[in-house]
Amino acid sequence: MIEELIRETQAALPAPSVPPPGAAADWTVPQNWEHFTAEEHDVWDILFARQQEMLHGRAVRAFEESLDVLKLSRPGIPELGELNERLLARTGWTVVSVPGLVPDDIFFEHLAARRFPAGNFIRKRAQLDYLEEPDVFHDVFGHVPLLAQPAVADFMQALGETGLEALRLGRLDRLARLYWYTVEFGLAREDGDLKIYGAGILSSFGESRFSLESPAPRRRPFDLLEVLRTRYVSSEFQKGYFVIDSFEGLLKQVMKADLPALFEKAAALEDLDPGRG
């Protein structure tokens, strides 16, 4: 349940031990794109149009460039077969459909194999601004464009491999913080300006503006140990964000770190409040 652990509200609930009916052993299901209704495609189009407009000038350049490269701007929920042809050619990643939240080990195994699990459903029109469980819009619009960037693609694979190790060590809570403050709610400095790259912000109409323009949240330079010590909230806009200088720098810092040792060091130190100072 890593997606829920690091993005939403059911972190304490145990994951089912077997896939639901119709799912393969790795929890994947056919997308059955033809089964999406006209209303569901309309919801995607509404979300896409307003978020693309909101993010212009607010998201990192790589995100906007990749929206075009992956041709996600065509109407309706993307058909994964077509999407994967383009994504695989660029970075060796594919997107796989899953019925909902998946167990931690399954999630990390997918990431380690350069597969991103995407929920095979979309929110209702009445839920445009908030959905408790990540849907296809969050997963595909928020995550997939940056997977077309080599440094991000490599970083995500490294998180998959590290996640399996964190599970073995019983330190998933520490890895969840790294995932949360980078993949989901990361900010970057680009040409001197703050920009968005975290999927949780990219797919959120309200937090797209809040993360950059509100004086309320704390914004700190990315420091790996500090990230591992910092709590996060999943039920409201973030009280704090960490800012990277580049995807390449983030990848280098994580790849050269002894993460198991840092997990232990962070666990021995006092937790930090994300809104402090």
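Couple of notes before you dig in:
- Only alpha carbons enter this Debye calculation for the range 101-207, each as an equal point scatterer, and the log10 of I(q)/I(0) it gives at q = 0.10, 0.12, 0.22, 0.23 Å⁻¹ is -0.30, -0.43, -1.31, -1.38.
- The range 18-90 - convex hull of alpha carbons, volume per residue in Å³: 131
- Under 30 Å of direct C-alpha separation, and excluding same-chain neighbours fewer than eight residues apart, Lys124 reaches these lysines: Lys71, Lys195, Lys239.
- Here the range 57-108 is treated as a sphere whose radius is the Kirkwood value from Cα pairs; by Stokes-Einstein at 10 °C and 1.306 mPa s it diffuses with a coefficient of 123 µm²/s.
- Across the range 156-277, C-alpha contacts under 8 Å between residues 6 or more apart give a mean separation that, scaled by the residue count, equals a relative contact order of 28 percent.
- Within straight-line cross-link reach of Lys256, lysines at Cα separation under 17 Å, skipping those fewer than 8 residues along the same chain: Lys265
- Largest first and in whole Å, the equivalent-ellipsoid semi-axes of the range 7-141 read 24, 18, 16, each the square root of five times a Cα gyration tensor eigenvalue.
- Distance between the range 206-277 and the range 111-149 - C-alpha centres, whole angstrom: 22
- For the range 44-83, the calculated P(r) over all alpha carbon pairs, in 10 Å bins from 0 to the bin holding the longest distance, is 28, 58, 14, 0 percent.
- Fluctuation leader among Arg74, Arg171, Arg229 - the chain, Gaussian network, Cα springs under 10 angstrom: Arg74
- Positive-end extreme of charge dipole, the chain - chosen from Pro78, Ala188, Pro103 (charges on Cβ): Ala188
- Based on the Kirkwood approach, the hydrodynamic radius assigned to the range 108-163 is 12.2 Å, with every pair of different Cα atoms included.
- When the surface is traced with a 1.4 Å probe over the full set of protein chains, Glu109 keeps roughly 90 Å² accessible.
- Convex hull volume per residue, computed on the Cα atoms of the range 136-277, equals 113 Å³.
- Only the Cβ atoms of Lys and Arg (+1) and of Asp and Glu (-1) were treated as charged; on that basis the dipole of the range 215-277 about its Cα centre amounts to roughly 160 debye.
- Packing rank of 265-276, 38-49, where each peptide gets the mean count of other beta carbons within 10 Å, highest leading: 38-49, 265-276
- Residue-normalised convex hull volume from the C-alpha trace of the chain: 122 Å³ per residue.
- Debye, to nearest 20: dipole size of the range 168-277, +1 on Lys, Arg Cβ, -1 on Asp, Glu Cβ: 240
The values are calculated or read from the model by the stated rules, or taken from the named source; none is laboratory data. What you are looking at is a predicted structure, and each value in this text was computed from that prediction instead of being measured. For neighbour counting, all protein chains shown are included, and Cβ atoms are generated from backbone atoms with ideal geometry for every residue, glycine included. With ligands, DNA and RNA removed, areas are computed over all heavy atoms of the protein, side chains included. Shrake-Rupley method; radii C 1.70, N 1.55, O 1.52, S 1.80 Å.
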